Amino acid sequence: MTSFAALRLPSEILFGKGQRHALPAVARRLGSRALICTDERLSASADLAQMIAGLQEAGLTVRVDNRVLPDVPRDSAAECAEAARAFAPDLVIGIGGGSCLDMAKCAALLLSHGGRLPDYYGEFKVPGPVLPIIAVPTTAGTGSEATPVAVISDPDRTLKVGISSPHLLPRAAICDPDLTLSCPPALTAIAGADALTHAIEAFTAGRRAPSPELAQRHVFIGKSALTDHFARLAISLLGRSLERACRDGADEEARADVMLAALAAGCAFGTAGTAAAHAIQYPVGALTHTAHGLGVATLLPYVMRFNRDAAEDELAEIALALGLPAEVRSRAALAQAAIDEVARLLAAIGICPTLAGLGLTRDQLAWTGEQALAIERLIRNNPRPIAAPEMARLLEAAYIGDLAAAAVVLEQEVLP
C-alpha cells in the first residue's frame, strides 16, 4: 500500500451504550427546528418517544414524518420534503434503518436545493451544502450514518439508483447499540452480512493511481491506507461477534461489536466504494425483491473466489482478521481459508447460499449479467476485471452453488 489515503466522514461520530441520550445536545448545536424521518413501527416505540421528549426539553420544535418505506420510493421522498416545507426545519434527523437515514438525506437535499431527486442521480450532482443531518441508526448493517450516498427506488427505472455527494454526509452519527437489541435474528443476520460485504469489498477494492484530482472527481475512489484500517476493524469485529448476536440478541457485547463493525464498514466503503457483489445485487434485487443485504451476502463468497488470485494478499489479511490461525500456511492457502470461513459464517447465520434460492431463474441470468456490467463504477472497482464471459461464469457458479466454478475462466486464461 502506498502512502496515499483519503477519507470522508461525518464531523462527529458518537458510539456506545446510551449515546442516544446525547441527541438533544448535538441537535441543539445544529438548529432549533428538527424534522425526524422514521418509519411507522419506530414511531410508536418508547425509544423514539424518549428521544423526542429530550429534543423538546432542549428547546427544539419537532416534526415527525413516520412514512418511510423500504428502499425509499422516489415520490415518497418528495412528499416528505414538501410536507415539511411549511414547517421550515433547519436540521433533519434520521432515526431507524438504512431507509430512514437515506430518507433524511433526500429530505435535507430537496429542502435545501429544490428540484426533483432525478436531478441529483449520480456523483457530485448536489450543488452545495444541505440542511445538517443527524443519523441515528437502529440496525447494524447499511453504514449509511457514515456514507455520502442515499439509495432510492425510482418507479421509472428497473434498478435502484444512488445520489452520491460529500454534501450528503451526516453532520453527526449517533450509534447506540442498545437500539439494536429489539432486532430479530433474521434482520440481525441480513444487516450484519451487509456490513461484512461492505467491509470485504472495500478492503479488496482496486487501487487507483493517486493524484490531486482523484478524490475531487469521484466520490468512490478505491482502497487506501485509511479505508483499509476501518475495513479491517469491521471484519475482525464481525468475525468474532456476528454469530453470537444472531444467536442471542440480548448479548450486549456482541450487539456493540456488530454495530461498531457496521459503522466502520461505512467509514471504509463510503470512500473506497464497493464492487461486483453490489453490482450484481442491483438487478438480482429488482427481479427477486429480496433484501439488499441478503443479496450481496449470497454473492460475496463467489465474488471472493472469483477475485482470489487478483486479491490474494488482501484475502490472506482477511483470514487473519477473521481470527484464522496463520501457522505456516502460504498466502494462497490463507486466501482460500478466508473464502471458506466467510461462506461458513454466512451459512451459520442463515444466509441463502445460491441465486436460485433467492428466486432468480436461469433465464434471468443473462439479463442480470448485462445490467450488472453496465454499473461501471462498481465493476471498475473490482480487483479483477470482469467482461461478459467472466460475468456469465460467475453468475452460473452463484446460481448452482459451486464456489470452485467461480474461477474457472481465470484458470482457462492462464493456459498456453
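The values are calculated or read from the model by the stated rules, or taken from the named source; none is laboratory data. Bear in mind the structure is a predicted one, so any value in this text is a computation, not a measurement. In this analysis, Cβ positions are derived from the backbone assuming ideal geometry, glycine residues included, and neighbour counts consider all displayed protein chains. Just so you know, the surface numbers come from the protein's heavy atoms only, side chains and all, with ligands and any DNA or RNA stripped out. Shrake-Rupley method; radii C 1.70, N 1.55, O 1.52, S 1.80 Å.
Need one number for region 303-377: average projected area of the convex hull over its C-alpha atoms, nm².
Details: hull surface 25.4 nm².
Averaged projected hull area, Cα only: 6.4 nm².
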Note to self: Per residue, how large is the accessible surface of region 291-332? Use a 1.4 angstrom probe and give square angstrom.
What the structure shows: 37
Notebook entry, point to check: What distance in nm separates the simple spin-label points at A326 and T361, each placed 7 Å from Cα in the Cβ direction?
Noted result: 5.1
Item checked: region 335-407, accessible area per residue, ligands and nucleic acids excluded (1.4 Å, Å²) -> 41
Notebook entry, point to check: In the Gaussian network model of the chain, springs joining C-alpha atoms below 10 Å, which of A46, A261, A135 carries the largest mean-square fluctuation?
Noted result: A46
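With every protein chain kept in the model, how would you rank I349, I13, I339 by accessible area, 1.4 Å probe, largest at the top?
Details: I349 25, I13 65, I339 0 Å².
Solvent-accessible surface, decreasing: I13, I349, I339.
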Margin query: If the only charges are +1 at each Lys and Arg Cβ and -1 at each Asp and Glu Cβ, what is the size of the charge dipole of the chain around the Cα centre, to the nearest 20 debye?
Written below: 740
Next item on the list: Give, as a single signed number, the net charge of other residues whose beta carbon lies under 13 Å from the beta carbon of A374, with Lys and Arg counted +1 and Asp and Glu -1.
Entry: +1
Note to self: From the protein chains alone at 1.4 Å, what is the descending order of accessible area for S164, S182, S211, largest first?
What the structure shows: S182, S211, S164
Note to self: Just to confirm my numbers, what's the Cα centroid distance between region 65-110 and region 314-330 in Å?
What the structure shows: 43
Next item on the list: Keeping the other protein chains in place, figure out the carbon and sulfur percent of the accessible area of the chain, with a 1.4 Å probe.
Entry: 53
Note to self: Test of understanding: what is the full-extension gain from Q216 to H229, defined as 0.36 nm times their sequence separation minus their Cα-Cα distance?
What the structure shows: 2.5 nm
Checklist line | Spatial separation of Cα centroids for region 363-408 and region 238-305, in angstrom | finding: 19
Item checked: Point-to-point label distance, A392-D251, nm (Cα→Cβ direction, 7 Å offset) -> 4.4
Next item on the list: May I ask for the angle, rounded to the nearest 10°, between helix 225-247 and the longest principal axis of the chain, with both axes built from Cα atoms and the value confined to 0 to 90°?
Entry: 90
Margin query: Among I200, P73, C106, whose Cα projects farthest towards the positive end of the dipole of the chain, with charges put on the beta-carbon of Lys, Arg (+1) and Asp, Glu (-1)?
Written below: C106
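Express the relative contact order of region 41-177 as a whole percentage, based on alpha carbon pairs under 8 Å and six or more residues apart in sequence. If you can, show how the numbers build up before the last one.
On the way: 236 pairs, mean separation 32.2, N = 137.
Computed over region 41-177, the figure is 23 percent.
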Check: Expressed in nm to one decimal, what extension gain is obtained for the pair D340 and E79 from 0.36 nm per residue of sequence separation less their Cα-Cα distance?
Finding: 89.4 nm
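Just the accessible area per residue of region 110-224, please: how many Å² with a 1.4 Å probe?
Numbers: 3780 Å² over 115 residues.
With the other protein chains kept in place, region 110-224 gives 33 Å² per residue.
Taking R0 as 25 Å, what FRET efficiency do you get between Q56 and A88 from their Cβ-Cβ distance, rounded to the nearest 0.05? If you can, show how the numbers build up before the last one.
On the way: r = 17 Å, r/R0 = 0.69.
The pair Q56/A88 has a calculated efficiency of 0.90.
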